[in-house]
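Before any comments, here is the structure.
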Amino acid sequence: MEAQEFDELYAASFRRITGQVYAMIGNLDEATECVQEAFARAWAHRRKLDKAEYPEAWVRTTAYRLAVSRWRRTKLAKRPVDRAVGAPTVVPGIDESHVALVAALRQLPEAQRQALVLHHIADLPIHQIAAEIGVPEGTIKARLSRGRTALAALLTDETPGGLAGGMSHV
Amino acid sequence: MSDPIEKLTRLGDAMEGAPMPLAASEIRARGDRIRRRRHAVIAGVSAAVVTAVAVPVIALAVTGDDKADPDRFAPSPTVTDSVPVPGALELNENNLLSEADAIWYEPGQDWTAGRTLTDDGQAPPNPCMQTSFAGLGATTVLQRDFTFTAQTDPSDPWPYLTEIVGEFPSAAAAQSAYAEIQGWYDDCRPTGAEDFTSGPFLPVEIPVDGEGSHVNASYGPVDERLDPFGDQSWYLDTGLVVTGDRIALVTALSHGEDYNFEDTPAEQMVPVAAQRLAIGNDAPPTIEPTPGENGPTTIPADFPLASGWPEDDSAETSFDPPSADNQAMTAAGDLQACGTSAVDPGALDRLTTRWNDPTDFRIRELRLFTSDQEAAAYVADLRALYEACPTSGSAPTFTTTVSDGAIGDESVVVTSVGDEIYRTVINVVRIGNAVAVDLTSDEGLASDVDSLATETRENLADVVGAMYELQPAAPSDPGSDGPGSAGEPATSIPADFPLDLALGEPPVDNGETTVDGPSAEAQGARPQTMCGGVLAFPSFGSTDVDEPDLAYTVSAIEGYEGRTLRVYPSADAAVAQMELLRSQVQGCDRDRAEGGLSDRLWRMFNSDTGYDSVTFGYTYEVVDGVGAPAGQLYTVMRVGTAILALEYGGEYSAEFQAEAAPGQVDLAQLLSGEMCIFTEAGC
């Protein structure tokens, strides 16, 4: 992969991947940093990237792994996150409803959250998600089904007067 | 309420138009830095190799002993001579991966080096390990464990990285161990696992002479505490290196929903591990026993080559007793596949015997070669001959399979079956410079060829034992398992041997619980059959003054615990006994005991006692709720010239047994400390 080709990939997919990783991990700053780092590693391993069928998927997977790894460090070791690329990144906040959605996503099991994000945000078909994560398609379908149900319940819970009122609405 | 899926989709667009925090050129610059750092790590290892080669010149000049100077690897600006020094240095900590070498995402960033052990560790370094490196024949063993840098939760200490390196008496022994380690993955069943999936070992290029390979495997389930939603698996990422007479085994174990590396961590570490392993191992890696100096050159006239065969001498049978005058198997065309015969490899000495009746025939042959290498080459030639011929003929079509065996220094099992009947099993066993070929063919059901394989393997026990007897004592006696002061191993069991050691509170004889022993009269581990054969427990065979028994029994309504200890005349005899037991245990997944109402399901468990050991057990199959909730669990462990058998029987489930197995291994470890008196080196 040449520099120009890499730059085009970066420009075309950075924001999209950042949005997806943000939905997965719930922290926009962290997502931004991890996607930057993932792109840096992609350039370092660009020969491998040439062979990758979906370079964007490679970057997304790497960014997600970095995020999980950093989350462990900060949560468990109480250490500052890597600042490999540069100073901590602070990006503008996003819409409040998106924050609520991401908060709801964070309450889902990791596997369901990842499936929902890849299918509904990254717009990947089920077979491609299965290939990216490395599990059977049936598993992805089950995670999506459970995830949608759980997400609907969580979002409804946050709405005053919603079904969270439970039996009083019957 | 708006549709949550619609919200999700809109979130995907939320970032569009947001500013780009860094320019692409800055990202590329960061990528270039990462690339340079990776190269620097590799270069650093290469420099260490040069240092290790150069410094001993000084050490030899000063001390005359290249192993005496603990600082021999210290860099010295005065040493510039990089001429290789004859003779290898002993395996040491510099041969292990360092923190800087260890990789998860990036070299030097993800792992913290933990303990470094100077022998096989007590914790299992690899869940597929069937025996310790010492049990494989390594004379020096080192192990280093690493903890994940970001990991501080002791209840979830994964991912986990460990490397174990071993030095063997010869390059051939290391090659044999290398193949045996790869074979572990063919029938691996980690403790508690319900399934195990492994790909093949794939070659990895290494920068030194030798071989590198890696394999990915997964198994499950993951404990509910770690994986409450049941979405995860264990991922076992393994790298393996052999160079000269040394082996390195790199194991990265983690749990998660996937293991999505383009090049896995273990795979990436193989080249670096190879370079580390080669440090100080400058001696030619092909030093082997010289003909006439170490290996036997003649076969004794009383060699029991026909042992285990039928003694039927009716008119329908014919038997050619073992003799060098009998036609060799190669010359007689006994070893051929797809019309191609094995080439006669020559031999220092040979013995051949044949037995046949109208439907069956048996042939055995023992050859002595001028070196272990020549013997190994013959085994390899036979393997290649049959591997090249998976099917042959028509009506019937014969189907041939070739697999690794579990006997001797190395062994190969060839089975060939017709469409419905006709079955042939060939066992090829090498011990040192001796190779035995055992061929049995009959008109039994093709579907039952496994039982013939088991039978022929068991029938070879005396032959294998005698082949060990032929070999001179190795530089490291198989009994020398543990480090410590030199001395003669105990030839009898001390009267006060604490066979009743307990991990917790010892049981009390109180009417409900009966405690018997330790004494020669206690019942101990009781005889057991497996797939029709009597298992070679220490109590198996005759008892005489040279093989004293000590036993201990605790019986209660909850179950039965038996322990038996026996000392053998030599470590080789004990090794042969363990080989026999292993051969019996392998390949038997289910059987039905006499009078049993349901099948017994046999399972292997982790048996990392630090010594030559095997742990296995059975529980009854439960179909539609019918089946006895009962089973028995065994651990058999050799330490030097002694073998200990532990039995735990009770009314329990397969799940309970899987949970109990590590405890029994712990108990064996506890007792192993007392068994060092049976090793030459002591403790």
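The values are calculated or read from the model by the stated rules, or taken from the named source; none is laboratory data. Just so we're clear, the structure is a prediction, and the values are computed from it rather than from any experiment. Positions of Cβ are generated from backbone atoms using ideal geometry, with glycine treated the same way; all protein chains shown enter the neighbour counts. Ligands, DNA and RNA are stripped out before the accessible areas are found, and what is left, the full protein with its side chains, is counted by its heavy atoms. Shrake-Rupley method; radii C 1.70, N 1.55, O 1.52, S 1.80 Å.
What to note about this one:
- Residue match in the range A:120-128 (condition: within 9 Å of chain B (Cβ to nearest Cβ) and at pLDDT 80 or above): yes
- Count - residues of the range B:423-437 that are in contact with a strand residue (DSSP E or B) (Cβ under 7 Å, 6 or more places away or on another chain) and either on the phi > 0 side of the Ramachandran plot or in a loop (DSSP other than H, G, I, E, B) (or both): 1
- Only a single item in (1) among the aliphatic types (A, V, I, L, M); (2) touching a helix residue (DSSP H, G or I) at 6+ places or on another chain (Cβ under 7 Å); (3) at pLDDT 75 or above is not met by residue A:12, and it is number (2).
- Test result for residue B:583, under 25 Å from residue B:183 (Cα atoms) and either among the hydroxyl-bearing types (Ser, Thr, Tyr) or open to solvent by less than 10 Å² (accessible area, probe 1.4 Å) (or both): yes
- In the range A:127-142, the residues that are more than 21 Å from residue B:262 (Cβ to Cβ) reach residues that are open to solvent by 50 Å² or more (accessible area, probe 1.4 Å) with C-beta atoms within less than 8 angstrom, at least six apart or across chains, in these pairs: A:137/A:127.
- Search result, residues across the range A:110-130 that are open to solvent by 60 Å² or more (accessible area, probe 1.4 Å) and farther than 22 Å from residue B:227 by Cβ: A:123, A:127
- Residue B:205 open to solvent by 40 Å² or more (accessible area, probe 1.4 Å), at pLDDT 80 or above, more than 21 Å from residue B:170 (Cα to Cα) and assigned to a loop (DSSP other than H, G, I, E, B): yes
- Subset of the range B:229-263 (residues that are more than 14 Å from chain A (Cβ to nearest Cβ) and among the hydroxyl-bearing types (Ser, Thr, Tyr)): B:238, B:243, B:251
- Some residue of the range B:210-218 being touching a residue at least 60 places away in the same chain (Cβ under 8 Å) and among the polar types (S, T, N, Q): no
- On the stretch given as the range B:567-592, residues that are in contact with a Phe, Trp or Tyr (Cβ under 9 Å, 6 or more places away or on another chain) and either among the aliphatic types (A, V, I, L, M) or under 26 Å from residue B:662 (Cβ atoms) (or both) total 15.
- Scanning the range B:325-335 for residues that are open to solvent by 50 Å² or more (accessible area, probe 1.4 Å) and at pLDDT 85 or above turns up B:325, B:327.
- Qualifying residue in the range A:33-47 (condition: modelled with pLDDT of 80 or more, more than 10 Å from chain B (Cβ to nearest Cβ) and buried (at least 24 other Cβ atoms within 10 Å of the Cβ)): yes
- Subset of the range B:388-430 [open to solvent by 20 Å² or more (accessible area, probe 1.4 Å) and farther than 18 Å from residue B:449 by Cα]: B:388, B:393, B:394, B:395, B:409, B:410
- Pair list, Cβ under 7 Å, 6 or more apart: the range B:631-643 residue touching a residue at least 12 places away in the same chain (Cβ under 8 Å), other residue of a type in the set (Lys, Arg): B:642/B:566; B:643/B:566
- Taken over the range B:349-370, the criterion of being modelled with pLDDT under 90 and in contact with a Pro (Cβ under 6 Å, 6 or more places away or on another chain) is satisfied by B:370 alone.
- Among the numbered conditions (1) at pLDDT below 85; (2) β-branched (Val, Ile, Thr); (3) surrounded by fewer than 14 Cβ atoms within 10 Å (Cβ to Cβ); (4) out of contact with any helix residue (DSSP H, G or I) (no Cβ under 8 Å at 6 or more places or on another chain), the only one that residue B:317 does not meet is (3).
- Qualifying residue in the range B:153-160 (condition: part of a strand (DSSP E or B) and modelled with pLDDT of 85 or more): yes
- Matching residues, the range A:88-114, being more than 10 Å from every other protein chain (Cβ to nearest Cβ) and at pLDDT 85 or above: A:113
- Scanning the range B:605-634 for residues that are open to solvent by 70 Å² or more (accessible area, probe 1.4 Å) and either in contact with a Phe, Trp or Tyr (Cβ under 7 Å, 6 or more places away or on another chain) or of a type in the set (A, V, I, L, M, F, W, C) (or both) turns up B:622, B:623, B:626, B:629.
- Considering the range B:560-569, the residues that are open to solvent by 20 Å² or more (accessible area, probe 1.4 Å) and part of a strand (DSSP E or B) include one that is nearest to residue B:512 (Cα to Cα), namely B:560.
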